[in-house]
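Asker: Quick one: the structure is below, and I'll ask about it shortly.
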Amino acid sequence: MSGQSITDRITAAQHSMTGSAISKAVCKATTHEISGPKKKHLDYLIHCTNEMNVNIPQLADTLFERTANSSWVVVFKALIATHHLMMYGNERFTQYLASRNTLFNLNNFLDKGALQGYDMSTFIRRYSRYLNEKAMSYRLVAVDFTKMKRGIDGVMRTMNTEKLIKTLPIIQNQLDALLDFQANPNELTNGVINSAFMLLFKDSIRLFAFLLQNGVLSVEKIYLVNR
């Protein structure tokens, strides 16, 4: 329990008493400790998304509740946990996020009282906007670009020209939101922002690849039509 605040310990104990294993895992993944969420807690939450008897809206809402915390550490880690589940959890987690009218409303978030609070709050606002855009992309096309299969058997090769062209700005918007995170090496000063950066980096590689593939396929199909 080292590194956890008294508040973290009390909250975890309350969830233990009420028997809420998911809430307890979310609490432990989003402690005040300035390090990324622990793998064992993230792995448990991933496992939960694959269990049919788990209430996905309840799991997601528990993460959303943590973003209402005043601490930048807790909020940042809640966003990281959400992003992690979108990447590695069951697709129904992302489906639920995409079905919501609102996701993260952190445009005015500011932690004035903590070390690094001002700087990290800026990245939280940017990160939340990216996750909102990621969910919106799924809502519009019903696929996660960062998980789509590429190559000869890839999804994009089955799309017609019109759908490819419509998909292009959606990928571009998501990539633009990701690049707006704008963290330089000097700002990667703690384990929390490093964890977020690694997830964003992995998404960026896939998004760049699909943006390029979309452009190439669009040109190919337009060329074939005009022959």
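Asker: Within 10 Å of each residue's Cβ, count the other Cβ atoms and sort MET120, MET87 from fewest upward.
Answerer: Starting with the residue having the fewest Cβ neighbours, the order is MET87, MET120.
Asker: How big is Rg to Rh over the range 96-142, alpha-carbon atoms, Rh as the Kirkwood inverse-mean-distance radius?
Answerer: On the way: Rg = 13.0 Å, Rh = 11.6 Å.
Result: Rg/Rh = 1.12.
Asker: Suppose the chain between LEU168 and GLU65 were pulled fully straight at 0.36 nm per residue; how much longer would it get relative to their current alpha carbon spacing? If you can, show how the numbers build up before the last one.
Answerer: Working: separation 103, 0.36 × 103 = 37.08 nm, distance 3.35 nm.
This chain segment gains 33.7 nm when fully extended.
Asker: In nm, to one decimal, how far is the ASN108 label point from the LYS39 one, both placed 7 Å along Cα→Cβ?
Answerer: 4.1
Asker: Here is a follow-up. With r defined as the distance between the Cβ atoms of ALA209 and SER20 and R0 fixed at 35 Å, what FRET efficiency is calculated, to the nearest 0.05?
Answerer: 0.30
Asker: Using label points projected 7 Å from each Cα along Cα→Cβ, tell me how many nm separate LEU115 and MET198, to one decimal.
Answerer: That separation, rounded to one decimal, is 2.2 nm.
Asker: Extension gain ILE46-ARG125, at 0.36 nm per residue separation less the Cα-Cα distance, in nm?
Answerer: Stretched fully, the ILE46-ARG125 segment lengthens by 26.0 nm.
Asker: Do the alpha carbons of any pairs in LYS38/LYS166; LYS163/LYS202; LYS24/LYS166; LYS24/LYS149; LYS38/LYS147; LYS28/LYS149 sit beyond 30 Å of each other, and which pairs?
Answerer: Distance filter (> 30 Å) returns LYS38/LYS166; LYS24/LYS166; LYS24/LYS149; LYS28/LYS149.
FYI, it's all coordinate maths here, none of it is from the lab. Computed from a prediction, not measured in an experiment: that's the story for all the values here. Methodologically, a virtual Cβ is constructed for each residue, glycine included, from the backbone with ideal geometry; neighbour enumeration extends over all protein chains shown.
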